[in-house]
Amino acid sequence: MARLSKLRTAVVGLGAAGWMAAGPALAAVGVNNPGGAMSLEDWLADRKIPVGDLIAIGIQFVKSHGRPFFDGVSAVIRASVDGLTAVLLAIPSPLLILGAAALSWVLRRSWPLALFVVAALLFIMNQGYWEPTLETLALVIVAAVASALIGVPLGIAAAHRPRLFAAMRPALDLMQTLPPFVYLIPTLVLFGLGVVPGLISTVIFALPAPIRLTQLGISSVPSSLIEAGEAFGATRTQLLLKVELPSAAPTILAGITQCIMLSLSMVVIAALVGAGGLGVPVVRALNTVQVGTGFEAGFVIVLLAIVLDRISRPADRANAP
């Protein structure tokens, strides 16, 4: 108490400047907390669990010891996206538009949908976003294929092994709820700027949908079908290929459709790290406050999303716009 009285007397003599200079000293002797007791917030903050430091150390360790692996992954992803983009750009635009309309007709048997696809693609070309649209389409196709190739087998395994799905559920919840910018940072550190971190972040964001819906579809196969297959002597592989997958096909296709839509929703975020495509004009419009350009690019993204959704959704739910 004597120390506190002397400190207060000295600060009063110094005036306002003295109060500011002596702030740390007052806090040290407990002026702000006369009882001298530390609050729960301060006590916990002083004993902070180094989550961020541990993750940073882990990322640095992985980066330093896995450089050949990451270089190989980067080369494969970049070659896949760039190759598909080059193929789409090499096809004459009228032929590509007619091909998209023919694909929609073959899959949905709907003339209104085919006409809508033609009109949407012509409008995109009219607005001057044809090449960025093809770049975005290549990115979405590669991301969706990668997510499906990983997610569908994992969903099948999770349906057959409930303990595996229980172990995977926290990771899937984390992947769906964690903001994409958070896991964009480590991918940017590991792979650098360009299309690679954007595509990997897109796959991480879209992967839970095919896993969950595939697991749901396989788990929902009627037991009577399984028993009938077993009664006819079907093996596990035959049950999977001839009973479970055909029965769960609509749900699995719904998961792939969700995967495509989720991949498309990452276009703008992927453009922030140099992925290219339709996200670039949106980011540029955001930086320069160009409202018209932003709405143009955003409307083109919406049209592309509608076209992909109408073509890829399960047939029993597909309706022409």
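Would you check if P112 is in contact (Cβ under 8 Å) with a residue 24 or more places away in the chain, open to solvent by 30 Å² or more (accessible area, probe 1.4 Å) and over 22 Å from the mean Cα position of the chain (by Cα)?
Answer is yes for this residue.
Could you list, in sequence order, the residues of the stretch 120-166 that are open to solvent by 20 Å² or more (accessible area, probe 1.4 Å) and touching a Gly at 6+ places or on another chain (Cβ under 6 Å)?
P132, E135
Mind listing whichever residues of the stretch 291-321 are modelled with pLDDT under 80 and either touching a Phe, Trp or Tyr at 6+ places or on another chain (Cβ under 8 Å) or open to solvent by 30 Å² or more (accessible area, probe 1.4 Å) (or both)?
R313, A315, D316, R317, N319, A320, P321
Using beta carbons and a limit of 9 Å, which pairs, at least six apart or on different chains, have the first residue in the stretch 289-311 and touching a residue at least 24 places away in the same chain (Cβ under 8 Å) and the second one among the basic types (K, R)?
Listed pairs, sorted by first residue: A297/R284; R310/R108; I311/R108.
Could you check R109 against (1) farther than 28 Å from V268 by Cα; (2) in contact with a Gly (Cβ under 9 Å, 6 or more places away or on another chain) and say which number it fails?
Condition (2) is where R109 drops out.
Kindly evaluate A144 against the criterion of being in contact with a helix residue (DSSP H, G or I) (Cβ under 7 Å, 6 or more places away or on another chain), part of a helix (DSSP H, G or I) and of a type in the set (G, A, S).
So A144 fits the description; yes.
Within the stretch 264-313, take every residue that is among the hydrophobic types (A, V, I, L, M, F, W, C) and outside any helix (DSSP H, G or I) and give me the one that is farthest from V140 (Cα to Cα).
Top of the filtered list is V289.
Taking into account only those residues within the stretch 222-243 that are more than 14 Å from H160 (Cα to Cα) and among the small types (G, A, S), which is surrounded by the most Cβ atoms within 10 Å (Cβ to Cβ)?
Applying the filter and picking the extreme gives G229.
Checking M261 against (1) more than 30 Å from L278 (Cα to Cα); (2) part of a helix (DSSP H, G or I): exactly one of these is not met. Which one?
Status for M261: all satisfied but (1).
Does any residue of the stretch 17-39 turn out to be over 25 Å from P186 (Cα atoms), in contact with a Lys or Arg (Cβ under 9 Å, 6 or more places away or on another chain), at pLDDT below 80 and assigned to a helix (DSSP H, G or I)?
Within the stretch 17-39, one or more residues are over 25 Å from P186 (Cα atoms), in contact with a Lys or Arg (Cβ under 9 Å, 6 or more places away or on another chain), at pLDDT below 80 and assigned to a helix (DSSP H, G or I).
Considering the stretch 251-309 alone, what residues qualify as being of a type in the set (G, A, S) and under 15 Å from W130 (Cα atoms)?
Those that are of a type in the set (G, A, S) and under 15 Å from W130 (Cα atoms): G276, G277, G279, A297, G298, A305.
Quickly run through the stretch 212-221 and pick out the residues that are aliphatic (A, V, I, L, M) and either open to solvent by 30 Å² or more (accessible area, probe 1.4 Å) or part of a loop (DSSP other than H, G, I, E, B) (or both).
Result: L213, L216, V221.
Working carefully through the options V196, V189, V182, find the one that is in contact (Cβ under 8 Å) with a residue 60 or more places away in the chain, open to solvent by 30 Å² or more (accessible area, probe 1.4 Å) and either touching a His at 6+ places or on another chain (Cβ under 9 Å) or not in a loop (DSSP other than H, G, I, E, B) (or both).
Step by step, each of V196, V189, V182 is checked, and only V189 is in contact (Cβ under 8 Å) with a residue 60 or more places away in the chain, open to solvent by 30 Å² or more (accessible area, probe 1.4 Å) and either touching a His at 6+ places or on another chain (Cβ under 9 Å) or not in a loop (DSSP other than H, G, I, E, B) (or both).
Restricting the search to the stretch 61-87, which residues are among the polar types (S, T, N, Q) and in contact (Cβ under 8 Å) with a residue 40 or more places away in the chain?
Hits for the stretch 61-87 are S74, S80, T85.
Please state which one of S201, S247 is within 23 Å of L88 (Cβ to Cβ), polar (S, T, N, Q) and part of a helix (DSSP H, G or I).
S201
The values are calculated or read from the model by the stated rules, or taken from the named source; none is laboratory data. If you're wondering where the values come from, they're calculated on a predicted model, not measured in any experiment. Here Cβ is always computed from backbone atoms with ideal geometry, including for glycine, and neighbour counts include all displayed protein chains. To get the accessible areas, we keep the full protein, side chains included, count just its heavy atoms, and leave off ligands, DNA and RNA. Shrake-Rupley method; radii C 1.70, N 1.55, O 1.52, S 1.80 Å.
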